[in-house]
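Only one structure is covered here, and it is reproduced in the block below.
The values are calculated or read from the model by the stated rules, or taken from the named source; none is laboratory data. Source: prediction; values computed, not measured. Note: ideal-geometry Cβ built from the backbone for every residue, glycine included; neighbour counts use all protein chains shown. Please note that ligands, DNA and RNA were not included when accessible areas were found on the heavy atoms of the full protein model with its side chains. Shrake-Rupley method; radii C 1.70, N 1.55, O 1.52, S 1.80 Å.
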Amino acid sequence: MRPLPSLLTALLLMIAFSACDSNDDDVDNTDLNIGTVANANSVVIVAFEGRLENGTVFDSSSRATLALVNTIPGFRSGITGMEVGETKTFSVPPEEAYGSNPPSDSGIPPDATLIFEVTLIDIVTIANANSVVVVAYEGRLENGSVFDSSSRATFPLANTIPGFRNGVAGMESGETKTFDVPPEEGYGANPPPGSGIPPNATLIFEVTLIDIVG
């Protein structure tokens with residue numbers, strides 16, 4: 001994900017709760033970010049305001065991208081189940097926030113109840129090694145020769161060479177990425193006949209992830 005300057009983003013990533021929850025750290029990528037309803041493993045784009053009970057705003061953003069698995073439990077629970085476009089206000093008690101040890105300079109006192117007003121702008125779709133993807137791509141050799149390309153192709157990543165699968169896994173829908181595939185993760189000494197790929201070639205792919213369809 002792209003780093004954001006938001007204080008809340010930094011706070012949510014710092015807290016000990018997510019570090020202590022081993023089930024959240026070992027997320028199955030097959031559960032990530034499909035559909036229009038947020039789940040606890042979603043990567044979300046939100047507009048938010050965080051307030052104390054006395055109304056003091058300690059942070060806000062008109063657009064922030066967050067992996068919910070890395071956020072405080074109360075924030076994650078509050079967004080889980082929200083639909084894209086929905087706005088929701090919810091309270092987070094201290095035991096599901098920062099407890100008696102809030103981050104320094106956050107403006108949050110110890111044992112504070114936090115109030116968040118959140119609009120779920122979007123749920124980011126992320127490819128995993130088992131995804132069925134729609135991509136535009138160009139495959140080149142190191143000398144610049146193009147051996148294959150397509151403006152729109154659909155296929156399961158599980159059926160591709162390891163280096164291509166690993167390169168696309170983790171990409172967001174709409175993202176463009178260029179990556180190298182070494183011979184041992186490509187076709188090695190036995191490339192497909194007529195492919196234009198020499199033995200033991202390093203392949204360079206430029207890929208745009210258009211969509212994830214499965």
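Taking the range 155-194 as the range and being farther than 17 Å from Val134 by Cα, part of a loop (DSSP other than H, G, I, E, B) and open to solvent by 30 Å² or more (accessible area, probe 1.4 Å) as the test, the residues that pass are Pro182, Tyr187, Ala189, Asn190, Pro192, Pro193, Gly194.
Please go through the range 195-214 and pick out each residue that is open to solvent by 70 Å² or more (accessible area, probe 1.4 Å) and either in a strand (DSSP E or B) or at pLDDT 95 or above (or both).
Hits for the range 195-214 are Pro199, Asn200, Glu206.
Residue pairs whose Cβ atoms lie under 9 Å apart, separated by 6 or more positions or on different chains, with the first residue in the range 184-199 and touching a residue at least 24 places away in the same chain (Cβ under 8 Å) and under 14 Å from Leu141 (Cα atoms) and the second of a type in the set (Ser, Thr, Tyr) and open to solvent by 80 Å² or more (accessible area, probe 1.4 Å), are Ser195/Tyr187; Ile197/Tyr187.
Can you confirm whether Pro94 is open to solvent by less than 30 Å² (accessible area, probe 1.4 Å), closer than 30 Å to Thr56 by Cβ and at pLDDT 95 or above? Show your work before the answer.
On the way: open to solvent by less than 30 Å² (accessible area, probe 1.4 Å): yes; closer than 30 Å to Thr56 by Cβ: yes; at pLDDT 95 or above: yes.
The answer is yes for Pro94.
Taking the criterion of being within 18 Å of the chain's Cα centre (by Cα) and at pLDDT 95 or above, would at least one residue in the range 46-57 satisfy it? Yes; the residues of the range 46-57 include at least one that is within 18 Å of the chain's Cα centre (by Cα) and at pLDDT 95 or above.
For the range 60-75, the set of residues classified as assigned to a strand (DSSP E or B) and open to solvent by 20 Å² or more (accessible area, probe 1.4 Å) consists of Ser60, Ser61, Ser62, Arg63, Thr65, Ala67, listed by residue number.
So which residues in the range 36-59 are within 18 Å of Ile126 (Cβ to Cβ) and open to solvent by 50 Å² or more (accessible area, probe 1.4 Å), if there are any at all?
Start the filter on the range 36-59 by keeping residues that are within 18 Å of Ile126 (Cβ to Cβ), which leaves 36-46.
Passing the criteria: Thr36, Val37.
So which residues in the range 156-214 are touching an Asp or Glu at 6+ places or on another chain (Cβ under 6 Å) and of a type in the set (D, E, K, R)? Passing the criteria: only Glu206. The lone criterion from (1) within 19 Å of the chain's Cα centre (by Cα); (2) modelled with pLDDT of 95 or more left unmet by Gly144 is number (1). Being assigned to a strand (DSSP E or B), of a type in the set (Asp, Glu) and within 20 Å of the chain's Cα centre (by Cα) is a condition met by no residue of the range 126-138. Kindly indicate whether any position in the range 112-131 is of a type in the set (Ser, Thr, Tyr), loosely packed, with under 13 Cβ neighbours inside 10 Å, under 30 Å from Arg63 (Cβ atoms) and in contact with an Asp or Glu (Cβ under 6 Å, 6 or more places away or on another chain). Within the range 112-131, not a single residue is of a type in the set (Ser, Thr, Tyr), loosely packed, with under 13 Cβ neighbours inside 10 Å, under 30 Å from Arg63 (Cβ atoms) and in contact with an Asp or Glu (Cβ under 6 Å, 6 or more places away or on another chain).
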